[in-house]
1. In square angstrom, what is the accessible area per residue of the chain with a 1.4 angstrom probe?
2. Going by the alpha-carbon gyration tensor, a ≥ b ≥ c the square roots of its eigenvalues, is region 115-221 rounded (a/c under 1.5) or, if a/c is not under 1.5, prolate (a/b greater than b/c) versus oblate?
3. Share of region 115-225's accessible area from carbon and sulfur, percent, 1.4 Å?
4. Which is the longest part of the chain that has none of the chymotrypsin sites (Phe, Trp or Tyr not before Pro) sitting in a DSSP loop with at most 13 other Cβ atoms within 10 Å?
5. Tell me which of 98, 126, 144 sits at the most positive position along the dipole axis of region 76-187, charges placed on C-beta atoms (Lys, Arg +1; Asp, Glu -1).
6. Give the total of Lys-Lys pairs in region 63-154 with Cα-Cα distances below 21 Å; include a pair only if its members are 8 or more places apart or on different chains.
7. Report the residues of region 225-248 in range of a label on residue 143: point 7 Å along Cα→C-beta, backbone N strictly under 19 Å from it.
8. Just from its helices, what would the mean residue ellipticity at 222 nm be for the chain, if runs of 4 or more DSSP H residues each count -39500 (n - 2.57) and the sum is divided by every residue, rounded to the nearest 500 deg cm²/dmol?
Amino acid sequence: MKKLFRTARNIFFVPRCASCRTLLDPFGANLKSDCMCDLCLAAWNNAKSELCPDCSKPAALCGCLPELKTGDRLAKLVFYRPEKEKVQNNVIYTMKHVDDVRIFEFVADELAVSLCGVLSELNICPDECVFTWVPRRGKAIAQNGFDQGRRLADLLAKTCGVKSGAVRLFARKGGKEQKTLDAKSRIENARKHIRIAGRVEDRVKNRVVVITDDLVTSAATVGYAGELLKKAGAARIVYAAVGKTLDK
């Protein structure tokens, strides 16, 4: 039934590869063919196998998040290098600018595997977690028409068994684009413009909260968001992102 639905959807809305943007075969036998061409899918799988320079585990199994130094964990799929043209860079860029549910379904399915691995190590059941996201800047939402963090958080939650999807716990007003700032300015930008949305204590008290993002660089944004939730009573924070910026 799932394959039939996807095929019908692809006939009316012909898919493009999330990386190279070429048109794809709507009748492809591979369920992932409605998101990536064969060449880009192979490159994507290779990217997930790239070894972390710190723990030597494959990217999709590495939980390193040294910037936070609090024992929190990060589930991710790939490493991201801004200066290099790679399939993972293209996919993350497409997620920011193209509101195609097929791309988010693909990434959520992939990320759920890594996230469930991290949660299993911590003896945490995925469907008992609270899933949320840090809102995108209002200017970016106006330009692109959607918030990629919200799209990903909602589908990731449902993939992990949370039928109600993700919960809005944060509000954001103004601020600059993080990628244009240095590490110190990123922290200041996050602290000045991100806050808890109303009273969330009843939702997060003694709960494990999963904060999703498309890309983690300095962890300034998600790190500060995690601090706010811990002050509100959250027992543990786990971060889930498509990519982690790697300079090495």
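1. On the way: 12420 Å² over 248 residues.
Using a 1.4 Å probe on heavy atoms only, each residue of the chain averages 50 Å².
2. Prolate shape, in that a/c is at least 1.5 and a/b is the bigger ratio.
3. Within region 115-225, the accessible surface is 45 percent carbon and sulfur.
4. Answer from the scan: 28-248.
5. Selected residue: 144.
6. Details: 76/84; 76/86; 76/96; 84/96; 86/96; 96/139.
Here the count comes out as 6.
7. Residues passing the 19 Å test: none.
8. Working: 9 runs with 100 residues, N = 248.
It lands at -12000 deg cm²/dmol.
The values are calculated or read from the model by the stated rules, or taken from the named source; none is laboratory data. In this text, all values refer to a predicted model and were calculated from it rather than measured experimentally. Cβ: placed from backbone, ideal geometry, glycine included. Neighbour counts: every protein chain shown. We work out accessible area using only protein heavy atoms, side chains counted, and drop any ligands, DNA or RNA first. Shrake-Rupley method; radii C 1.70, N 1.55, O 1.52, S 1.80 Å.
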